[in-house]
Amino acid sequence: MPVITATKTPMSTMAADERARTFDEVNLGYGATKALVEADRCLQCQEPTCEGGCPVNVPIREVIKLISNSKFSDAITLLKTANSLPGVCGRVCPQEKQCEGECHLGERFRPVAIGYLERFLADWERINGAQETVLGAHKETKVAIVGSGPSGLTAAGDLARMGYTVTVFEALHEAGGVLRYGIPEFRLPKEILNNEIDAIKALGVELRCNIIIGKTLTLDQLMNEMAYQAVFIGTGAGLPRFMNIPGENLSGVYSANEFLTRINLMGAYRFPDYDTPVKTGRKVAVVGAGNTAMDAARCAVRAGAEEVTVVYRRSQTEMTAREEEYHHAIEEGVKFRWLTNPTAVLGDESGWVKGLECQQMELGEPGPDGRRSPVAVEGSSFVLEINTMILSIGNSPNPLVPRTTPGLKTTRWGGVIADDDGLTSREGVYAGGDIVTGAATVILAAGAGKRAAAAIHEYLEGKKKS
Ligand code: FAD
Ligand code: SF4
């Protein structure tokens, strides 16, 4: 019988004053006792609506039942049949909008903490030793994956489990995509990511870093000269957008991508042990209010800034960051200026940022997407004193592969056009994740990688028969 409490079993977090100066993980996870208590809140519904909210179709009800029966090993094995990245997804998925958003219990109380339970299982397996994975019969057929973000890693893992010979080509010197260079250590420790990448490599996936498809090799070379029978493109949306306002080229202006990459991938937070510093002034403005903006703001706090302000042209209601990240940012001292739109960056005589000219906004009528558009309030300009500005107003798809692959059709905004299974306009070439959808989420990218892997298998089976 479920034991219904109105609230989720809380997860401990590091105290806000302690964590603001360390990159250690903020959320501390469940132990077995808490996991059992939370699993007992599940109603074991006849129709588990939670599962419909999961883009990779995790059999959530069954996984929770196994946890309830203390069968943790069986539970993680079952979970991993659907999701190759449970430790990552348990930490960074917006469950409140997905599985937990659809949970029946949520109609009266707080939903089951499905994300916390997923994280618990991944951590339990890491500590207690991974289970053997059953692999399909080995096939000589080669499949290339371009990009090692969640879409590419998921596609690689699924294809390797089916027995294919899989190589992942990654432009950077380390794998993981945004999980490596974007999401900071205090939300997703590298140890967790490394563990999940190692598990995918253990399936036989070859990982080749420092290879830029479109420069080092072209996609056509992979298919015509290197005998890859199918290719999955998961190159993401890593091209930062700028505002095109005066002063954006001043020293002290970063894109969030550059700022976070310096910190996460190049180890700036451990300067001088690592030799790529990040210069964070006393007063930092972060423009934008998505997950990336929260990460940049919270990194700036940890990198030593005295005052960090998030500047957003809409109101808090339109903010796209996860609630949890927003609350953690507030607890860590980040300030928010809603309905504020930067119009110019001001510099001193040596070319460094010294201020941000802004205009006050108000919300107008809803646009075609249902969101109310910000409208400038006349005569409301003011200057915010800052030394560093971090722009986090969105990213565009990485253009290199589409530009160097004849016949690969793209949208007007540069995304690769692919159907639901990931098939592009080129035979044998599949794509998924942010390069298709534009900047989205880890689990949507993973889901796209999963569907594409199944479609690639079907395509290669068909080719064998013909
Ligand atoms: P990516 O993760 O972008 O990976 C693409 C990979 O392809 C990269 O490693 C790149 O180097 C490589 N590549 C690119 N071009 C080439 C080439 N020509 N040759 C070889 N390799 C190439 N989502 C959430 O669900 N929860 C969060 O909390 C969250 N936080 C985020 C925080 C930040 C700072 C950012 C930027 C995004 C966040 N997201 C979050 C979004 C999420 O990370 C992305 O939607 C997801 O990573 C997209 O996965 P992907 O596989 O499509 O691409
Ligand atoms: Fe359990 Fe909620 Fe899923 Fe029902 S909808 S099975 S309560 S997690």
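Structural remarks
- Three-way shape label, the chain, alpha-carbon gyration tensor, a/c 1.5: oblate
- Cα gyration tensor shape for region 342-466, rounded if a/c is under 1.5, else prolate or oblate: prolate
- Cα gyration tensor, region 116-199 - rounded (a/c under 1.5), prolate or oblate: oblate
- Region 16-128, relative contact order in percent, only Cα pairs under 8 angstrom and at least six apart counted: 31 percent
- Just the protein heavy atoms count here, and of the accessible area of the chain at 1.4 Å, carbon and sulfur take up 50 percent.
- Dividing the summed helix terms, -39500 (n - 2.57) for each DSSP H run of n ≥ 4, by the number of residues in the chain produces a 222 nm estimate of -9500 deg cm²/dmol to the nearest 500.
- Scanning residues 5 or more positions from S255 or on other chains, those with amide H under 5 Å from its amide H are L391, with H placed 1.01 Å from N in the peptide plane.
- Note that region 424-434 has calculated 3J(HN,Hα) couplings of 9, 6, 10, 4, x, 10, 10, 8, x, x, 4 Hz, one per residue in order, obtained from phi through the Karplus relation 6.51 cos²θ - 1.76 cosθ + 1.60 (θ = phi - 60°); glycine and proline are x.
- Each Lys or Arg adds one and each Asp or Glu takes one away; over the other residues whose Cβ falls under 15 Å from the Cβ of F109, this sums to -2.
- Here each label is just a point 7 Å from Cα along the line to Cβ, and for Q316 and R126 those points are 3.2 nm apart.
- In the context of the full set of protein chains, the chain has a per residue accessible area of 44 Å² (1.4 Å probe).
- For the chain, relative contact order (Cα pairs under 8 Å, six or more residues apart, normalised by length) works out to 16 percent.
The values are calculated or read from the model by the stated rules, or taken from the named source; none is laboratory data. Bear in mind that the values here come from a model prediction, so they are computed numbers and not experimental data. Cβ sites come from the backbone with ideal geometry, for glycine too, and all protein chains shown count toward neighbours. Accessible surface is based on the protein model in full, side chains and every heavy atom, while ligands, DNA and RNA are left aside. Shrake-Rupley method; radii C 1.70, N 1.55, O 1.52, S 1.80 Å.
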